[in-house]
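> Below you'll find the structure I mean.
The values are calculated or read from the model by the stated rules, or taken from the named source; none is laboratory data. The shown structure was predicted, so the numbers you read here are calculated from the model rather than taken from an experiment. Ideal geometry is used to build each Cβ from the backbone, glycine not excepted, and the neighbour counts take in all protein chains shown. Accessible surface is based on the protein model in full, side chains and every heavy atom, while ligands, DNA and RNA are left aside. Shrake-Rupley method; radii C 1.70, N 1.55, O 1.52, S 1.80 Å.
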Amino acid sequence: MTEAKMNNRVKVHYKGSLQDGTVFDSSEEREPLEFVIGQGTVIPGFEKGVMGMREGDTKVISIQSEDAYGAYRDDLVGVVGRSRIPDDIDLKIGMILQVRSPEGGVTNVIVSKITDTDVTLDMNHPLAGKELLFEVRLLEVLQE
């Protein structure tokens, strides 16, 4: 059986969960995830965890935040006046909004707090600062 190495294209099925068992993503009801190890298209800890697996292997990979979506950063949380949010948006905590930077780029933010006068917006990735567990099954190593 072929072992997954750097620069190999691989196909995997996976289930990602948090420490409390909450599943945040799974490929089981979809097509397998296909990626090239070393190209940075998946989080670093996922790539490292798949390396060395053989076709047919299943394992659980524990990934610390620094090898996933990074630490949670307080400097990526900001407060804006509620008047800056268009009236036609029915604000709810947990809602994802898109904001445009002065340079024209678009960023997703999560509404984390709402008061009568202000809205707190969080630009951190929803999984930032969290340890992730992935149950991974290596289906195929496709030689490049």
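> Which one of 99, 109, 136 is touching a Gly at 6+ places or on another chain (Cβ under 9 Å), of a type in the set (A, V, I, L, M) and more than 30 Å from residue 11 (Cα to Cα)?
Details: 99 fails: touching a Gly at 6+ places or on another chain (Cβ under 9 Å); 136 fails: more than 30 Å from residue 11 (Cα to Cα).
Of 99, 109, 136, the one residue that is touching a Gly at 6+ places or on another chain (Cβ under 9 Å), of a type in the set (A, V, I, L, M) and more than 30 Å from residue 11 (Cα to Cα) is 109.
> Now a separate question. Just for the stretch 1-39: of the residues that are surrounded by 11 or more Cβ atoms within 10 Å (Cβ to Cβ) and among the basic types (Lys, Arg), which one is nearest to the chain's Cα centre (by Cα)?
Only one residue tops the list, namely 15.
> Can you list residue pairs whose Cβ atoms sit under 9 Å apart, with the first residue in the stretch 69-92 being touching a residue at least 12 places away in the same chain (Cβ under 8 Å) and the second being part of a helix (DSSP H, G or I) and open to solvent by 50 Å² or more (accessible area, probe 1.4 Å)? Count only pairs 6 or more apart in sequence or on different chains.
91/82
> Moving to a separate point now. Give me a count of the residues in the stretch 40-66 that are over 18 Å from residue 10 (Cβ atoms) and open to solvent by 40 Å² or more (accessible area, probe 1.4 Å).
Kept after step one, since they are over 18 Å from residue 10 (Cβ atoms), are these residues of the stretch 40-66: 62, 64-66.
Now narrow it down to the ones that are open to solvent by 40 Å² or more (accessible area, probe 1.4 Å): 62, 64, 66.
Counting residues in the stretch 40-66 that are over 18 Å from residue 10 (Cβ atoms) and open to solvent by 40 Å² or more (accessible area, probe 1.4 Å) gives 3.
> Which of the residues belonging to the stretch 67-86 are surrounded by fewer than 15 Cβ atoms within 10 Å (Cβ to Cβ) and in a helix (DSSP H, G or I)?
Our first condition is that a residue be surrounded by fewer than 15 Cβ atoms within 10 Å (Cβ to Cβ); within the stretch 67-86, this holds for 71, 73-75, 78-84, 86.
Listed by number, the residues that qualify are 74, 75, 82, 83, 84.
> Which of the residues spanning the stretch 87-107 are touching a Leu at 6+ places or on another chain (Cβ under 9 Å) and either loosely packed, with under 13 Cβ neighbours inside 10 Å or farther than 19 Å from residue 73 by Cβ (or both)? Reasoning before the result, please.
Keep residues of the stretch 87-107 that are touching a Leu at 6+ places or on another chain (Cβ under 9 Å), which gives 89, 91, 97, 99.
Hits for the stretch 87-107 are 89, 91.
> Taking only the stretch 93-120 into account, find how many residues are under 27 Å from residue 131 (Cα atoms), outside any strand (DSSP E or B) and either in contact (Cβ under 8 Å) with a residue 24 or more places away in the chain or not aliphatic (A, V, I, L, M) (or both).
Of the residues in that region, 1 qualify.
> Those residues that are assigned to a loop (DSSP other than H, G, I, E, B) and under 20 Å from residue 131 (Cβ atoms), I need them from the stretch 46-60; list them, please. Write out each step before concluding.
Within the stretch 46-60, the first condition is being assigned to a loop (DSSP other than H, G, I, E, B), and the residues that meet it are 51-53, 55-57.
Within the stretch 46-60, just 51 meets the criteria.
> Out of the stretch 1-45, which residues are in a loop (DSSP other than H, G, I, E, B) and in contact with a Gly (Cβ under 6 Å, 6 or more places away or on another chain)?
Across the stretch 1-45, the qualifying residues are 6, 7.
> Follow-up question, since we're still on this one. Residue check, residue 127 against (1) open to solvent by 40 Å² or more (accessible area, probe 1.4 Å); (2) outside any strand (DSSP E or B); (3) closer than 30 Å to residue 62 by Cα, all met but one. Which one?
Every condition holds for residue 127 apart from (1).
> Do the conditions hold for residue 11, that is, is it closer than 29 Å to residue 107 by Cβ, touching a strand residue (DSSP E or B) at 6+ places or on another chain (Cβ under 9 Å) and at pLDDT 95 or above?
Values: closer than 29 Å to residue 107 by Cβ: no; touching a strand residue (DSSP E or B) at 6+ places or on another chain (Cβ under 9 Å): yes; at pLDDT 95 or above: yes.
For residue 11, the condition - closer than 29 Å to residue 107 by Cβ, touching a strand residue (DSSP E or B) at 6+ places or on another chain (Cβ under 9 Å) and at pLDDT 95 or above - is not met.
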